[in-house]
Amino acid sequence: MSRRFIVEPRGLAPWWLKLLIPIGSVIAAMILGGVFLVITGNDWIEVYQKMADAAFGSGRGFAETLVSATPLILTGVAAAIAFKMLVWNIGGEGQLIFGAVVAAGVGIWLADSTPQVIAIVAVVIAGAIGGAFWASLAAVPKVYLGTNEIITTLMLNFIALNFMQYLVLGSSSPWRDPEATQFPQGRPIVESGRIPEFFHRLDWGLFIAIGVAVIAWFVISKTRSGFEYRIVGDSFDAARYAGIKVPKKVLGTFLASGAAAGLAGSILVAGILGKMDPRSLDLGLGFTGIIVAALARLNPIAIIPVAILMGALNNAGPALQSIGVPSATVKILQGAILIFAVAGEFLISNRIHRPDPIAGEAKAEPEAQAA
Amino acid sequence: MPNADQSRTPPAVELRKIDKSFYGVLANADVDFNLARGEVHTLLGENGAGKSTLCSVMAGLYRPDSGEMLMDGEPIVLKSPKHALAAGIGMVYQHFRLVSNLTVAENLALGNPEVGLRLSQSELEAEARELGERYDFPVDPTARIWQLSVGQQQRVEILKLLYRDVRILILDEPTAVLTPQEGQALFRAMRTLADEGRSLIFVSHKLHEVKQVSDRVTVLREGRVVGNVDTADAEPRDLARMMVGKDLVLPTRAPNESIGEPVLVVDNLTVTDDRGLDAVDDLSITVNAGEVVGIAGVSGNGQRELAQGIVGLMKVTGGSVHLSGKDITGTSPLKSIKAGIAYVPQSRLGMGLAPGLDTEDNLALKQFREPPYSNGPMLSPKAFKAKGAELIEEFDVRGVRPGLPIRLLSGGNLQKALIAREVTQDHCVLIARSPTRGLDVGATAVVRDQILAERDRGVAVLLISEDLDELLALSDRLLVIYEGKIVGEMPASDATAERLGLLMSGHTEEQSA
Amino acid sequence: MNESVLMLTLMAGIGLGTPLVFGTVGEILTERSGILNLGVQGMMLFGAVMGFWATFVSGSLWLGVLAALLGGAGMSLIHAFNSVTLRVSQIVSGLALTIFGTGVAVYIGKAGSDPLIGQPSKAVFEPIFPEALTDVPIVGPLIFGHDALIYLSWAIVAAASYYLFHTRPGLTVRAVGEDPASAEAAGINVSKVRYIHVMLGGALAGIGGAYFSLALVPSWQDNPIGQAGWIAIALVILASWRPWRALWVAYLFGIAGRLNFTFQTLEINVPATLLDMLPFLLAIIAMIVLTSGKRAKFLGAPAALGIPYYREER
């Protein structure tokens, strides 16, 4: 049984490796993207320069990058907190959309005279509730019937999308703007429900998103409930043994995940969009959130810079068209980053080395065998 | 009679000086073994005596470190279970290797090179039916495995081997999962197979079965062969003594004089397992303060269900559990922790510890809800560190690094950490299952000392173990569990290996007297 | 008769359902081996662009199909490597494939000085039998009125069904998807089986994608396939992992996709967006009603689906 390499589970991955894998993934993806660009006759240096310039080169550009990053922080947190507990909520997309539907509903229903603080809070919270409700459609069957949530959350994405389109494009619901005669549009929410901008198009929603990421980190690492969450995420049996009600915990996490994604929807509605606009809400923000979470290795704080990076890519896409390069370059890069990052997980959780020539294969004890 | 042939024809299988160790732990040492054609040969031994390893060597799953194997007098080196099957040796493992959502016929065909590319369900089914009828093993070939009882599934495993026409069948504790009636049917089939000239290896702990079904017995202890007798000449008490060993460590300490009031009182407890069987069957135990009550028994006789039923991890279907007079029947794990039941489960990483969390976190796994670990909804990282360091120091847990997942510690250190947590919480009862299983000498001593210290502190200790040395060294009173019932009780000072061995093998006191 | 609303709806339904047949049967083969590939959308879209491009360059439809097949299989190889060799999360890997495949397809369509986008296809799949046969009422068009890929899809459905349930290799696939440890104990190479079936799934998804760009909408657009890849994943459940059922449910949804138009003809007003919801809604209901707990076994969901397999080594 001579093998060229031995693969074995690793205990504690060194910190530099955990940093190197995401950065390496980005670099590897850029090289792969560069190959694509060169094959199709583009100047890859020019393209990457243009992207950097569009995303970070000016105040306005950077503001747009942060505008793009805001919902990604939230959908990233949504994916991360669920995945860490092995709840495969890939319905961030649908939860975001349904959050936007509920938020816009509240925003339209509110009277013009509602005080600004109350209106904003009402609209934003409504989105979180909407997202949690949409998640519950998959969470409740999972916890009480054992229904696999991967497929249900995935399908709920498309149901939410079609439902939103129906509200604006397919019916004359209250969400549809009666004044838009040319092409159907969402009805604007009350002016007092809008989150104010402070730097170009950037609004305070960014800080809500960052706040949510920080709260998620704080709850997980500093509170009793977060400790229970970590135990359940590690081992259901150990959690049961330690007296934790596992189904309740899983349900709670699933709903919190949905609420975070729903918040992304309400912040878009109350922020830059001002209405439920089906086209602007169907950008794959939920799926991109999964890339963000995977690249951040499910760490809520790391999600913030990663989301800014992804936001920068999204923001840079349209600028590429001005130099005749398809904006799909961005999608290639994002997909490739995720592929490399997910493959890199293997290197973080396993150690690969050549067989020890003397001890042969017998040395399989974990490294910390001290007693 | 098969024995008559032995002098003329070489044995079907012969093992010479087989050694096999795992990571330095010897599982088989210097084992000589021979299996005659047409005989049923029992391998007898306690848990961990090396029976399964020896069977796996013969089935091609493990390669021996040294020694040789002969079939019909010719040396053979088995490369894999597939190779062994081709050579005519097949094994029925304790955990069946059946695909539960496929039919009986499909499982027979799976991986079988003799089945053609085209799969004719009807032909397969006809063959399976015919095979089943020949050995009086009626199984519906169209049934899916999950629809069958455990006994029927075992028949499928055996049919799978017969379908491949193996000459040597190894059955690893086949009766452990069977009802007595199913067991009798199995024995009849085993006889039929032997009469056809096939050879069978039968692994068991149950002496009456050995007597009933086998021609010869080889007894293993601590990886070595300690006896080989014709069954006709063997007395159950001789076998029991051989199996358990004569050199039992007798308790060196004086029995505890200060036994107090009853603390844990279990009355007529019944716990139903996942298969719907009463794994714990109308069982009663009382454990007093300052007393260690040992429960001896071969694994799988209801030990897990007894412990989990008491602490609320499994549903109790009958009877009651009282703790210091308070009814806690059907409690929840959290309530049982709060009521003061400390529990050391058999599976350390599977249940007692969260494998991916670090040692400090694991030391707080149960008490994190109370000060100093938490303060209202907030955790106190300082307390985690301070209490962690204190326990790590006091219980000599080595190899700990902050952030290092606890699963990377050695078995002894895992157990020390687990015990440290359990005995330092507020408790009046300690339930421990096989607490020294797999530990080295040093760690074993630490764990045993802790259990005796618990007793001296007035805790009621329920020690459930398969290790007689451990039970005799620690217990004040010994009970024997067999098929979910207590079948014998004695002060530890009256226990003999022979008496325990008989009781654990299902011989009641009256039978053995 | 053959021009009736019903007939037109049926014929269009079969056409619209055909890419779903390819995608669904492919994903059935993959999932039967225990691997969940959420990258169907990406593989289909990549197949669509590869097929269109190869036909555009060569003028040959079958070279287009071959390119689509190889493209889909090549994409799926990434997923096979991630999920079988590296054993990382199949869910994240599948999603990555979808994002990557979508990006690459859209990029290829727009790249170069004379991009594919907006171009009509150089060749189009058309009915292969003479018109005389299709003039026979009802059965004429239903049996003889189709292009070669539709007949290929029928052959693939029949072959896949026979393979899975009536051959020894098919039994092996099912065993690997149910219980890889037991399969391994029976001497089966689990990794090999999984690689092969992930790639078969990718190849079929690729052909399904090419059916859009070479038959249904024979010109290149950014996304000619809509949400077909995702629908295929839903249909796998509704087909309960069985190829023949995949054919029927795919046609059912092809017809549902066409109903919108039919309803307009009949002056019935049902919003298109609500009809589009239907496959997903039915898949969820099927999921909850049929696959919860022990009922999953009756349905046929492979027990080891999505779970990385580690060999027992000692």
Check: Are any residues in segment C:271-302 of a type in the set (A, V, I, L, M, F, W, C), farther than 19 Å from A:Leu154 by Cα and at pLDDT 75 or above, and if so, which ones?
Finding: C:Ala272
Check: When segment A:188-227 is examined, which residues are found to be crowded, with 16+ Cβ neighbours inside 10 Å, closer than 19 Å to A:Gly265 by Cα and among the small types (Gly, Ala, Ser)?
Finding: A:Ser192, A:Gly193, A:Gly205, A:Ala209, A:Ala213, A:Ala216
Checklist line | Residues (within 10 Å of another protein chain (Cβ to nearest Cβ), touching a Ser or Thr at 6+ places or on another chain (Cβ under 9 Å) and within 30 Å of C:Ala158 (Cα to Cα)) located in segment C:235-283 | finding: C:Val236, C:Ile237, C:Ala283
Next item on the list: Consider A:Ile150 carefully, then state whether it is away from every other protein chain (no Cβ under 11 Å) and in contact with a helix residue (DSSP H, G or I) (Cβ under 9 Å, 6 or more places away or on another chain).
Entry: no
Note to self: Can you pull out every residue in segment B:296-309 that is among the hydrophobic types (A, V, I, L, M, F, W, C) and either under 18 Å from B:Gly350 (Cβ atoms) or modelled with pLDDT of 95 or more (or both)?
What the structure shows: B:Leu306, B:Ala307
Check: For segment C:145-231, which helices (runs of 4 or more DSSP H) that fit wholly inside it have 1 or more residues that are in contact with an Asp or Glu (Cβ under 9 Å, 6 or more places away or on another chain) and within 14 Å of another protein chain (Cβ to nearest Cβ)?
Finding: C:168-178, C:180-185, C:190-211
Checklist line | Answer residue from segment A:238-258, given it is within 9 Å of another protein chain (Cβ to nearest Cβ) and not hydrophobic (A, V, I, L, M, F, W, C) and is farthest from B:Gly340 (Cα to Cα) among those | finding: A:Lys245
Margin query: If the requirement is being without any contact (Cβ under 8 Å) to a residue 40 or more places away in the chain and at positive phi, which of these qualifies: C:Gly170, C:Gly118, C:Gly112?
Written below: C:Gly112
Notebook entry, point to check: Here are some residues: C:Ala246, C:Ala234, C:Ala250. Which one is assigned to a helix (DSSP H, G or I), of a type in the set (Gly, Ala, Ser), closer than 30 Å to C:Pro120 by Cβ and in contact (Cβ under 8 Å) with a residue 40 or more places away in the chain?
Noted result: C:Ala250
Note to self: Can you go through C:Ala246, C:Ala256 and tell me which one is of a type in the set (A, V, I, L, M, F, W, C), buried (at least 17 other Cβ atoms within 10 Å of the Cβ) and within 18 Å of C:Glu27 (Cα to Cα)?
What the structure shows: C:Ala246
Check: For segment B:109-133, what are the residues that are in a loop (DSSP other than H, G, I, E, B), surrounded by 11 or more Cβ atoms within 10 Å (Cβ to Cβ) and either at negative phi or more than 12 Å from chain C (Cβ to nearest Cβ) (or both)?
Finding: B:Leu110, B:Asn112, B:Pro113, B:Val115, B:Gly116, B:Leu119, B:Ser120
Margin query: Condition (residue is part of a helix (DSSP H, G or I), within 14 Å of chain C (Cβ to nearest Cβ), in contact with an Asp or Glu (Cβ under 7 Å, 6 or more places away or on another chain) and not acidic (Asp, Glu)) applied to segment A:287-303: is it met by at least one residue?
Written below: yes
Notebook entry, point to check: Is at least one residue of segment B:409-418 within 21 Å of A:Trp15 (Cα to Cα), within 33 Å of the chain's Cα centre (by Cα) and within 11 Å of chain A (Cβ to nearest Cβ)?
Noted result: yes
Check: Can we say B:Val150 is surrounded by 23 or more Cβ atoms within 10 Å (Cβ to Cβ), in contact (Cβ under 8 Å) with a residue 60 or more places away in the chain and farther than 18 Å from C:Ala186 by Cα?
Finding: no
Check: Can you list the strands (runs of 3 or more DSSP E) found entirely within segment B:1-107 that contain at least 3 residues being farther than 30 Å from B:Leu148 by Cα and out of contact with any Phe, Trp or Tyr (no Cβ under 9 Å at 6 or more places or on another chain)?
Finding: B:13-22, B:25-35, B:66-71
Notebook entry, point to check: From C:Gly64, C:Gly72, C:Gly42, C:Gly51, which residue is within 19 Å of C:Gly101 (Cα to Cα), within 14 Å of chain A (Cβ to nearest Cβ) and touching a Leu at 6+ places or on another chain (Cβ under 9 Å)?
Noted result: C:Gly42
Next item on the list: Given the conditions (1) assigned to a helix (DSSP H, G or I); (2) closer than 30 Å to A:Leu320 by Cβ; (3) free of Cβ contacts under 8 Å to residues at least 60 places away in the same chain, report the number of the one that C:Val106 does not fulfil.
Entry: (3)
Next item on the list: Just name the residue that is surrounded by the fewest Cβ atoms within 10 Å (Cβ to Cβ) out of those in segment B:319-340 that are touching a residue at least 24 places away in the same chain (Cβ under 8 Å) and within 14 Å of chain A (Cβ to nearest Cβ).
Entry: B:Gly340
Next item on the list: May I ask you to list the residues in segment A:271-293 that are polar (S, T, N, Q) and surrounded by fewer than 21 Cβ atoms within 10 Å (Cβ to Cβ)?
Entry: A:Ser280
Check: Looking at A:Leu96, A:Leu17, which one is among the aliphatic types (A, V, I, L, M), within 18 Å of the chain's Cα centre (by Cα) and away from chain C (no Cβ under 14 Å)?
Finding: A:Leu96
Check: Restricting attention to segment B:80-94, and to residues there that are without any contact (Cβ under 8 Å) to a residue 60 or more places away in the chain and within 20 Å of B:Lys51 (Cα to Cα), which single residue is surrounded by the most Cβ atoms within 10 Å (Cβ to Cβ)?
Finding: B:Ala84
Notebook entry, point to check: What number of residues within segment B:201-227 are of a type outside the set (D, E, K, R), touching a residue at least 24 places away in the same chain (Cβ under 8 Å) and within 29 Å of B:Val25 (Cα to Cα)?
Noted result: 13
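Residue by residue, here is whether (1) within 26 Å of B:Gln308 (Cα to Cα); (2) within 12 Å of chain B (Cβ to nearest Cβ); (3) at pLDDT 95 or above holds:
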| position | (1), (2), (3) |
| --- | --- |
| A:Ile215 | no, no, yes |
| A:Tyr229 | yes, yes, yes |
| A:Phe236 | yes, yes, no |
| A:Ala260 | no, no, yes |
Item checked: Members of segment B:341-360 found to be more than 21 Å from B:Pro402 (Cβ to Cβ) and either part of a loop (DSSP other than H, G, I, E, B) or more than 7 Å from chain A (Cβ to nearest Cβ) (or both), listed by number -> B:Ile341, B:Ala342, B:Tyr343, B:Val344, B:Pro345, B:Gln346, B:Ser347
Check: Which residue pairs have Cβ atoms closer than 6 Å, lie 6 or more positions apart in sequence or on different chains, and pair a first residue in segment B:361-380 that is more than 7 Å from chain A (Cβ to nearest Cβ) with a second residue that is of a type in the set (S, T, N, Q)?
Finding: B:Gln367/B:Gln425; B:Pro372/B:Ser380; B:Tyr373/B:Gln367
Next item on the list: Quick one: C:Gly140 ticks every box in (1) surrounded by 20 or more Cβ atoms within 10 Å (Cβ to Cβ); (2) in contact with a Ser or Thr (Cβ under 6 Å, 6 or more places away or on another chain) except a single one, so which number is it?
Entry: (1)
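The values are calculated or read from the model by the stated rules, or taken from the named source; none is laboratory data. Not measured: the values here are computed from a predicted model. Cβ sites come from the backbone with ideal geometry, for glycine too, and all protein chains shown count toward neighbours.
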